[in-house]
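Every read-out reported here was derived from the displayed coordinates using simple, explicitly stated rules and does not represent laboratory data. In this text the structure is predicted, and so the values were computed from the model without any measurement. Please note: Cβ atoms are built from the backbone with ideal geometry, for glycine as well, and neighbour counts cover all protein chains shown.
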Amino acid sequence: MSGTALNHPLVRDYLRDLDQALAGLPAAQAEELTEQITAHLDDALTPGAGDEEVAAVLSRLGRPADLAAEAATRSESGPSAAKELAAVRRRRLGWRGWTAIVAPVAVAAAIIGYVLIVTSVPPLQARGPSSWWFRQDAARATYAEADGARQTTVPVRSNQVQGLVVTLYNPTDWTQTILGQWQGSNAPGNALRSRITVATGPGSDFRHLRYARPATIPPHQSRWVRLLWVSNTCLMKGGGQGNDELRLQLRLGWVDRVEVIPLRQAWFVVGPSQGPCD
Amino acid sequence: MPSEGGLTELRRGVLGPCVLALLELRPRFGLELVRDLADADGLLTSDGTVYPLLNRLRDAGLVTSEWQAEEGQRARRYYSLTEAGQETLTAFRAEWAQFSATVGGVLNHHRTGVIAGQQGGRQR
């Protein structure tokens, strides 16, 4: 692991520039590319790499603006299924526009009623199995319970990817689409950035399912939801940082809403963290 | 002579099938793929462009990715070929063989038929 190489000033400047260059992309796409580039640098740079080596690796990687432009072509082209879906949505819009002209009052009433119904349905529930994502964390996890509150804890692995998976159940008659996290990160090891994705289908072997976002949880079904982050929290020995809820942005039908989902236990990483704490 | 811009477009066009071909042999993580592509001289203009490409291939269902962590090592995202990716690669190989033979024939004036006939006509 070359955590010190990722802390090199040239690398930090590069990742900051990349962050700015990717600002125009969808958040999930930008997060994914940043994660890939960070992992690339972590693999490519030797621990304690000097200015010359770091500059050479960054030069081969390409300018952040060029990477953002390349990634933007993905957003523009998109999969054909997405284009077809967009075409269907455009046709629906046309129908709704026509209806609005003929009967504006009826449409307004219908929309208000629809929103009221959708926003009043119960949120997703943490129900079923959960685990630390990586086997090495799962093997070292400890579990504790006091006063009815449960907690699982693993040692922090600084500058490495850690994660957890929980099962979320949709108790409603509506398909719920997870769009992302609300107000930043839900991760115990990184207060600013983490990536949440949802298994695209049912299955018990959670490490071999495909995860994506946005992704749906059909009515009265459960899906694995995965949260990954690069642990960068600064912890002294015995100190910990954790979270016992997920704050998610979801879409029900045409309505977006925020759900705060209590987890069945608190998830903690504990120190000491490795490397310097800035 | 093709312009540098033209060559860049050509590289972009063939990079996807080259990535699929490497993944056909075995799953690889990002830096592995980048290094293997860089070994093919002139194919890669910059290392970073591989990642948006991988994401496009995954969105199209041609590759899939999975996190793997060996004990004591950093977890890495490994990319592998899907069944659809294998079919696409097989189809591209067949088309490429025909296409490159056609282009090579035209560029080297070895092609028989219309072009060779026209040259013969001018010589007479």
Q: Determine the shielding of peptide B:51-63 by partner chains: average, over its residues, the number of Cβ atoms on other chains within 10 angstrom of each Cβ.
A: 5
Q: With r as the distance between the Cβ atoms of A:SER59 and A:ASP244 and R0 = 41 Å, compute the FRET efficiency 1/(1 + (r/R0)^6) and round to 0.05.
A: 0.40
Q. Within 10 Å of each Cβ of A:35-44, how many other protein chain Cβ atoms are there on average?
A. 5
**Q.** Prolate/oblate/rounded label for the stretch A:125-270 (Cα gyration tensor, a/c 1.5)
**A.** prolate
Q: Tell me which residues come under 5 Å, amide H to amide H, from A:GLN181 once H is placed; ignore anything under 5 positions away on its chain.
A: A:GLN249
Q. What are the ³J(HN,Hα) values, in whole Hz, obtained from phi via the Karplus relation 6.51 cos²θ - 1.76 cosθ + 1.60 with θ = phi - 60°, for each residue of the stretch B:49-60 in sequence order, with x given for Gly and Pro?
A. 5, 5, 6, x, 5, 4, 5, 5, 5, 5, 4, 7
Q) Roughly speaking, what is the centre-to-centre gap between the stretch A:116-177 and the stretch A:203-259 when only Cα atoms are used, to the nearest Å? A) 7 Å
Q | Mean Cβ neighbour count within 10 Å, used as a protection proxy, ranking A:188-199, B:56-67, A:41-52 highest first | A | A:188-199, B:56-67, A:41-52
Q. For A:ALA21, what is the net charge nearby, where nearby means another residue's Cβ is under 11 Å from its Cβ and Lys, Arg count +1, Asp, Glu -1?
A. -2
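How shielded is B:75-84 by partner chains, expressed as the average number of their Cβ atoms within 10 Å of its Cβ atoms?
Taking all residues of B:75-84 together, the mean is 2.
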Q) Among the DSSP beta bridges whose two residues both lie in the stretch A:125-270, what percent are antiparallel, rounded to the nearest 5? A) 90 percent
Q. Quick one: which of A:205-214, A:162-171 comes out on top by average Cβ neighbours within 10 Å, and what's the full order, highest first?
A. A:162-171, A:205-214
